[in-house]
Each structure stands twice: as C-alpha cells, then as structure tokens.
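The values are calculated or read from the model by the stated rules, or taken from the named source; none is laboratory data. A quick note: this is a predicted structure, and the numbers were derived from the prediction, not measured. When we count neighbours, we look across all protein chains shown, and the Cβ atoms used for this are built from the backbone with ideal geometry, even at glycine.
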Amino acid sequence: MILSYLYHRPGGGCAREIAERFGLKKAFTANVLKVLCKKGLVRGQRGLHGGYVLTRPAHQIDLADLLDQLGELFHLADCNRQTHDTPCSLEAVCPVRAAIAEVDRRIREMLQTVTLAELVSAGAADEGLKPYGLEVIHP
C-alpha cells in the first residue's frame, strides 16, 4: 500500500500522510518506511518538503525483485528454497519435489514479468477507482 501511495505521488509523501490515507498508526507506517529505506526501495528526504519517494521508477521494479528485496521469496515447499534449515525427512524419496520446483520456477518467471507500476495502476483501474479512493464516474 505504501509503495502504491508513493507511486501515485511522485513528489513523495510523509509517514503521517500515508498513515492517515490507509488508517494506519503513524509509528507502524514509519517502521515500514524504515524497512523500505533499508531495502533500497524508497529514500527519505529531510527538510520542509521532505518525505519519502521511490528510489527508482515503478516500471523498473518487477514483483520477483520486490519480493527478493523484502525477503519474501515465494516457494510452495520449504525443500525448494535455496537454503532451508530443516531438511525434510522425505526429501530423498519425495515424488513431487521436482514438480513443485518447476511450479516455483514458473511462478517466479511470471512474477518477473509484472512490474510494480502494473500492479498498483491495475488495482485502481480494476476497482473503478482513481488513486486514493476517488470514485470514477462512468457515463
């Protein structure tokens, strides 16, 4: 939601504005923004016209990259992660491990074709909304 807000506000936004827009607590929003800054997705600007902005255009951020940066890699099963701490006792004989790995690969491939810009602009259009919940009047 925060990335969507910043996408629709190229001039940026402050934690207070974002929190008010989505009915979130300001402290929670500030913490999320801090994480997004650490991950290199947004940058904070201090001063009178300060706030947060995306670090690069949303059309240059694909969903696979976004999930990677946030540490939320998608996997159907833990055994198909690059590193998994607890080995499965059935891993050596599992009849579906390779098939699940292929599905994981295909999902990742698909996530690489969808950009943040497509995600946040499509959501508003699908719901018949302009950014920030303004109703679109259809003739």
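Within the stretch 23-35, the set of residues being assigned to a helix (DSSP H, G or I) and either surrounded by 13 or more Cβ atoms within 10 Å (Cβ to Cβ) or within 15 Å of the chain's Cα centre (by Cα) (or both) comprises 26, 29, 30, 32, 33, 34, 35. Filtering the stretch 98-127 to residues that are modelled with pLDDT of 70 or more, surrounded by fewer than 16 Cβ atoms within 10 Å (Cβ to Cβ), part of a helix (DSSP H, G or I) and not hydrophobic (A, V, I, L, M, F, W, C) leaves 102, 105, 106, 109, 118. For the residues 95, 87, the requirement of being assigned to a loop (DSSP other than H, G, I, E, B), modelled with pLDDT of 85 or more and not aliphatic (A, V, I, L, M) singles out 95. Here residue 10 meets each of (1) part of a strand (DSSP E or B); (2) touching a residue at least 12 places away in the same chain (Cβ under 8 Å) with one exception, condition (1). For the stretch 36-62, filtering for residues that are without any contact (Cβ under 8 Å) to a residue 24 or more places away in the chain and either assigned to a helix (DSSP H, G or I) or among the aromatic types (Phe, Trp, Tyr) (or both) leaves 2.
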